[in-house]
Amino acid sequence: VPVVTVTNESGNLTGLVSPTPVTVTFENDCSALLYKDGKLVGVYESGTIIDADGEYEITVTDLAGNVTEITFMLDTAPPTAELVGVANGGSTSGAVIVRSPSEPATVEVYFNGSLIAYTLGESLTQIGAYRVVLTDEAGNAAEYTFGIVYSVNTAGTVVIVVLIISLIGGGLAVYLFRKRGKFKRKK
């Protein structure tokens, strides 16, 4: 049976997914075929670096016809997600939703530095700083940050200020008219 070793930058590949380029080595008296994403690529030479993302299978055969099959996935790209309601690095006074990850990934949401429970698609509404970390099976990670800020209702504030100014102005006008005698009270 052919002895086959699969390594990446970290050493021997222990899982089925690698976040860094992979090298497969085997004995000199063996031949190998390389398949990527289910399609035959061609003959694989021992020690050749595989650096393109995809699902791989290498079939190694020795002179006696014994076969060893190795399968693994190379995934160097971090996952992505959609932020609804704010741009990455931005701020908003409304709700924010994290959705549509590009691949299966764990999602961790930190609110003001503390990890909180979160389910994809839920609205985040509390005022504060957020950090979202997505990590895929290969260990690739992507980070998004944003803030939800307090918002002043400017239309309501303008109405209140105009009302206060009107009351003060009206009271001042009555005072001045009385003082000049135009609005004197009858005794």
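Rule-based calculations on the coordinates, nothing more; no lab input. In this text the structure is predicted, and so the values were computed from the model without any measurement. Because the Cβ atoms are built from the backbone with ideal geometry, glycine has one as well, and the counts that use them run over all protein chains shown.
Let me spell out the model: positive unit charges on the Cβ of Lys and Arg, negative unit charges on the Cβ of Asp and Glu, origin at the Cα centre of the chain. What dipole size does that give, in debye rounded to 20? Could the numbers behind the result be given before it?
Values: 12 positive and 19 negative charges, 907 e Å.
The calculation lands at about 4360 debye.
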Q) Put +1 on the Cβ of every Lys and Arg and -1 on every Asp and Glu Cβ in the chain; which of Ala105, Pro21, Ala129 then has its Cα farthest towards the positive end of the dipole? A) Ala129
(Q) Contact order normalised by length for the chain, with contacts defined as Cα pairs under 8 Å and 6 or more residues apart; what percent is it? (A) 15 percent
Q: With everything on Cα atoms, drop me the angle between helix 154-180 and the longest principal axis of the chain, reported from 0 to 90° to the nearest 10.
A: 10 degrees
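Report, for the chain, the % of DSSP beta bridges that are antiparallel, rounded to 5. It would help to have the intermediate numbers written out before the result.
Numbers: 49 of 53 bridges.
DSSP beta bridges in the chain are roughly 90 percent antiparallel.
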**Q.** More than 19 angstrom apart: percent of Cα pairs within region 55-127
**A.** 55 percent
Q: Using only the alpha carbons, work out the radius of gyration and Dmax of the chain in angstrom.
A: 33.5, 127
(Q) Once you place label points 7 Å from the Cα toward the Cβ at Phe111 and Asp37, how far apart are they in nm? (A) 4.1 nm
Q) Once fully extended, how much extra length lies between Leu16 and Ser166, figured as 0.36 nm per residue of separation less the alpha-carbon to alpha-carbon distance? A) 46.7 nm
Q) At a Förster radius of 35 Å, what calculated FRET efficiency corresponds to the Cβ-Cβ distance of Gln126 and Ile49, to the nearest 0.05? A) 0.15
(Q) Between Tyr118 and Arg180, what is the label-point separation in nm under the 7 Å Cα-to-beta-carbon projection? (A) 6.3 nm
